[in-house]
């Protein structure tokens, strides 16, 4: 990372620590904000957070790897998470999965070469009555059909 | 004298999350309970495990360790409590009501056996190629519970790569049972924070920041994690093969220096209870194995006292006479390489407070390949210098780039107590029954002051025995030279010694209270350094800090297992051995006098002393990326 | 989409101004009311709410906390989604009433990360309440201060367990704690903390408004009141329904338009699988309890694939701290894979069922204790069918 990038990051984290407090309880809200802004939590960010909250870097690492929604690697612009749990599975989530893979040209767990889309599975998102359902970043799309999925992707591609 | 703000009265460590078990506020209340049908009256709030151990009822444990806070994650110590559907972990369930406990019911037996079967199904490696064969807690429980087949399958291929990067510690996570003892040791007990559980569920593993090799993160090599690991997942880097090679090579002159702490503890590796010093027997064993010379590290411990004591007095003179504002006081001891790395990483700005004196091991390394080589008429290139240490950090220390003042690598190999015990067994020798023999000349004698370096407070006591007499001309005013304020196991201790009627050349110390502190375990070192940062220690002159709890007798290379009781017994052995010696003060050691007369002619802190016996440090800082 | 059938407790006519009424009572009166209503936790564990609140009130401390457990992660459960969007203020009122009765002045809503799209609405409701003096300092002139903060989860089902939730609030890995001590003695940062489900908290103001007699007239002897259930799977009308405790599963299936039913999973992945011969059993704490999840399977469904879905879920969501859950769930999943490949002997299957039974009593928290439930019930009722097919 460039020195200027590191400085910006440090300033941003300092501001967050001021907002949420400098105790351990602030860790997860701070990580969430960094994840939202940068799309991932870099090595340097983890070390800086540790320094400012007076905890060990490996403890931050332990927390970021525990929770599913924190990424160490840069995420795509649109992170698509398809629910794979039972009710969506019964409602044919496999068909939706195949559609997504086909339309984006990648498999689950991968990211498109232009870094616009990534695909992953996620556990029950609470839309079991309207499955199959998926999250795109923080937005939820339910009652999916292959045709609807294509429409959604088309809309995201030009957004 | 030790009841100060540093010492935590409730526990001997800070707590990571997941404390539970200890309900505070005993205040003399008791509870009537039943264990296995028999009635007992126990203090309110203790855990079931403690209650059972008080009555000598056996409950197996794996993640529980007396030095660490309770986790309750391995689920081996489960017991059945009447009226509760689920089994409870006895290490964490505190007794606050009359309950009926069953420690050997069918459910308990089956549960413990199932949990063992699960652990074994996930554990890669055969016992006979493992460092801990015969001393492994998982192996012991498997035998006790009659495990005789792989109920849930077995791991055929290693899943993780072995981390061999560090000079001192090797991590093999294939054998890890995720008891989290190493995590609690490194984070709570030592306040270093190198290891933590990472990922979730079945993918959980114990690793370092960003999963980097140990050498690339802020590990201080203290090895306390090895002492507490129940399996062979953590072990020291083994140098025994290279040492055998040197011994077997007729062209090499192999010398070994032995430290007092391994001598006080090595008996445990042969089945003796802790607290028996086998110094004489060890000398015989080493000669039988083929070492050409056996020296006593206490000799250079005495030398360290001369060098470091002089350095302190010079700093005091600079402060009190020259009124130099830049003089670095308090002076911090420098013989613990784990502590050195700790301060280099976490408090690099205070590195100049360290004494520049090397540790006894490294001083000996330099002296052997210069002075001894001269006296014995041997080419230093043919000398292989080995040390027996209770310490894993010494393996790193002897490889530090600065440690070559003799022109060659000063100490070639540092062996831990455990490694040497295994070598002795490999040579077919049963140590405890050997006849005693002496150390070899020209370093055959050492004082008791050098010997007590092994216990926490020992360096301070040795330094005071010499410094006080040097300054006042009288021995320290303590009966039998036992400076009891220095002794004991409390984390941070503080005391002072009043200097009066001093000799004329030390007149600037007349009426001065020499204030000193002692800390052991890096968590306590952290407390001291934080106090130093806050400016609270401006009137302290000298601080002894040892990285390992208990001092060197609790070092990372000492026999496993460890506990406060065991460390106390080893310390007692050290003090007893000191009392039995004819010479108890470093400056009275005739060999010390000899080396200053013949070799280090400018005296302590002179030019040659600085070249050979002093070193410098690196301001590392704690940034990893 | 709100409740699909006629609401019983959650009828808007029952709401009144429960908060105002509560603040005019004494804390002890509220505790007595909640205790006498025999209200039990609606999140799945079913612990008596009154007992919990009384214990927290009794612990002396200068700070206490109320936590609303909105980490609805059990597969098939989405009733809190409806409560948090349609009945938001009721939930908050329940939190304030709880705080008032136990002596807490601060509350958290632990909202699962997957529901972050609701956050804006929930924050706005808080703002509105602050502006109308129904939150913050001197609520409704009562002299009682209480404020609420929303904290997001980050994708961990195990954080629905109350002590893991508290660990997560403290910035740690969501690994459950040793209990005792319970959160009501030592919870968030060591202070007494009450953790309650969304539905439990939303029910409280209604009980305060309508009274204990009315509430205890609904339901069965040991399960008072009603339950919101979220029905999904092979049904014509999936969604959230409200049923009085004691309703049979068959009656539920009638309401939701389920035909040709092979099995019903009551209580989500950690619940039990009820085969078609047992559909006369009823939803209650005495018989088949649920946190809300009811998933219906028709005769076209392969029970092994369903079981595999459940065990994959648990293997992924286990926190990994205790041995039986971490390795046990993996072994159960591996066993299912073996069955799929036709390589699992009946002998080994029996071993796995024993393993499941041990996990139920040896695991450290509810996840490990209930993850074998589906394995054991599906194998018991459908074992023959599965082994015949593979």
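Quick one: in chain B, what % of C-alpha pairs are over 50 Å apart?
Pairs farther apart than 50 Å: 13 percent.
How far is helix A:3-20 tilted, in degrees, relative to the longest principal axis of the Cα atoms in chain A, given as a value from 0 to 90 rounded to the nearest 10?
Value to nearest ten degrees: 90.
Between residue A:98 and residue C:5, what is the FRET efficiency for a Förster distance of 30 Å, r being their Cβ-Cβ separation, to the nearest 0.05?
0.25
When a/c is below 1.5 the answer is rounded, else prolate if a/b is larger than b/c, else oblate, so apply that to the stretch C:303-389 with a ≥ b ≥ c taken from the square roots of the Cα gyration tensor eigenvalues.
In terms of gyration-tensor shape, prolate.
Counting alpha carbon pairs within less than 8 Å and at least 6 residues apart, what relative contact order, in whole percent, applies to chain C?
19 percent
Write down the percent of antiparallel bridges among all DSSP beta bridges whose residues are both part of chain C, to the nearest 5.
45 percent
Quick one: Debye curve from the C-alpha atoms of the stretch B:153-205, no solvent, what's log10 I(q)/I(0) at q = 0.23, 0.31 Å⁻¹?
The calculated log intensity ratios at q = 0.23, 0.31 Å⁻¹ are -1.07, -1.30.
Based on other C-beta atoms within 10 Å, arrange B:234, B:189 from fewest to most.
B:189, B:234
How large are Rg and Dmax for chain A when only the alpha carbon atoms are used, in Å?
Cα-based Rg and Dmax for chain A come out at 17.9, 51 Å.
Based on the alpha carbon coordinates of the stretch A:3-66, what radius of gyration and maximum Cα-Cα distance (Dmax) apply, in Å?
Every Cα atom of the stretch A:3-66 included, Rg and Dmax give 10.4, 30 Å.
Specify the angular offset, from 0 to 90 degrees and rounded to the nearest 10, of the alpha carbon long axis of helix B:458-472 from the longest principal axis of the alpha carbons in chain B.
It is inclined by approximately 20 degrees.
Please compute the alpha carbon radius of gyration of the stretch C:65-199, then divide it by the globular-protein estimate 2.2 N^0.38 Å. Two decimals is fine.
1.01
Could you tell me the ratio Rg/Rh of the stretch B:93-132? Both radii from Cα atoms, Rh via Kirkwood.
My calculation puts Rg/Rh at 1.22.
Averaged over peptide C:358-370, how many Cβ atoms belonging to another chain are found within 10 Å of each residue's Cβ?
5
Along Cα→Cβ, 7 Å out, is where each label goes; now give me the distance between the ones at residue C:387 and residue B:322 in nm to one decimal.
Once both label points are built, they end up 8.9 nm from each other.
Pop a pseudo-label 7 angstrom from the Cα along the beta-carbon direction at both residue A:148 and residue B:128 and give the gap in nm to one decimal.
6.3 nm
For residue B:623 and residue A:72, what does the FRET efficiency come to when R0 = 22 Å and r is the distance between their Cβ atoms, rounded to the nearest 0.05?
According to the calculation, E is roughly 0.75.
Out of every Cα-Cα pair in the stretch A:78-158, what percent are more than 16 Å apart?
Distances greater than 16 Å cover 42 percent of the Cα pairs.
Treat the stretch B:564-625 as a sphere of radius equal to its Kirkwood radius over Cα pairs and apply Stokes-Einstein at 37 °C in a medium of 0.692 mPa s; give the translational diffusion coefficient in µm²/s, rounded to a whole number.
After rounding, the answer is 211 µm²/s.
Between residue B:29 and residue C:51, take the C-beta separation as r, use R0 = 25 Å, and let me know the FRET efficiency to the nearest 0.05.
After rounding to 0.05, the efficiency reads 0.60.
Quick one: P(r) of the stretch B:441-534 from all Cα-Cα pairs, 10 Å bins, percents rounded to integers, in order of increasing distance.
15, 40, 31, 14, 1
Need one word for the stretch B:318-384: rounded, prolate or oblate. Basis is the Cα gyration tensor (sqrt eigenvalues a ≥ b ≥ c); a/c below 1.5 gives rounded, then a/b vs b/c decides.
Oblate, since a/c reaches 1.5 and b/c is not below a/b.
Would you mind checking the stretch C:217-239 for residues with the amide N under 18 Å from a putative spin-label position 7 Å along Cα→C-beta of residue C:25?
Those under the cut-off are C:217-218, C:224-226.
Can you pull the one-decimal nm distance between simple spin-label points at residue B:41 and residue B:244, each 7 Å off the Cα toward Cβ?
6.0 nm
What whole-number value in cubic angstrom gives the convex hull volume per residue for the C-alpha atoms of the stretch B:117-236?
Enclosed volume per residue, from the Cα hull, is 108 Å³.
Count the DSSP beta bridges whose two residues both fall in the stretch C:226-298, then state the antiparallel fraction as a percent rounded to the nearest 5.
Of the beta bridges lying entirely in the stretch C:226-298, close to 75 percent run antiparallel.
So what does log10 I(q)/I(0) come out to for the stretch B:519-576 at q = 0.27 Å⁻¹, using the Debye formula with one equal point on every Cα and no solvent?
Result of the Debye calculation: -1.05.
When the chain is fully extended, how far beyond the present Cα-Cα distance does residue B:579 get from residue B:533, taking 0.36 nm per residue of separation?
Contour length minus Cα-Cα distance gives 12.7 nm.
Against the longest principal axis of chain C, how steep is helix C:27-36, in degrees 0 to 90 to the nearest 10, with axes from Cα atoms?
Helix C:27-36 and the main axis of chain C meet at about 30 degrees.
Going by average Cβ neighbours within 10 Å, how do the peptides B:420-426, B:543-549 rank, with the highest at the top?
The densest-packed peptide leads the list: B:543-549, B:420-426.
Over the stretch C:226-298, one equal point on each Cα, no solvent: what is log10 I(q)/I(0) by the Debye formula at q = 0.11, 0.23, 0.24 Å⁻¹?
After summing over all Cα pairs, the log10 values are -0.20, -0.98, -1.08.
Can you say what percent of the DSSP beta bridges in the protein assembly as shown, counting only those with both residues inside, are antiparallel? Round to 5.
Rounded to the nearest five, the antiparallel share is 50 percent.
Take the stretch B:347-387, compute every pairwise Cα distance, and split them into 5 Å bins from 0; I just need the percent in each bin.
P(r) over the stretch B:347-387, rounded to whole percents: 6, 20, 22, 16, 11, 9, 8, 6, 2.
Suppose we take every Cα in chain C and form the convex hull; what volume per residue is that in Å³?
Cα convex hull per residue, to the nearest whole number: 126 Å³.
Inside 10 Å of the C-beta atoms of B:542-554, what's the mean count of C-beta atoms belonging to other chains?
Mean inter-chain Cβ contacts per residue within 10 Å come to 0.
Taking a ≥ b ≥ c as the square roots of the eigenvalues of the Cα gyration tensor of the stretch A:20-112, is the shape rounded (a/c under 1.5), prolate (a/b larger than b/c) or oblate?
Prolate.
How big is the convex hull of the Cα atoms of the protein assembly as shown, per residue, in Å³?
That works out to 198 Å³ per residue.
Which whole-angstrom value gives the distance between the alpha carbon centres of the stretch A:1-67 and the stretch A:77-91?
29 Å
Computed from the coordinates by the stated procedures, all read-outs in this text should not be read as laboratory data. Treat the numbers as computed from the prediction; the structure is a model and nothing was measured. Here the Cβ is made from the backbone with ideal geometry for all residues, glycine too, and neighbour counts use every protein chain on show.
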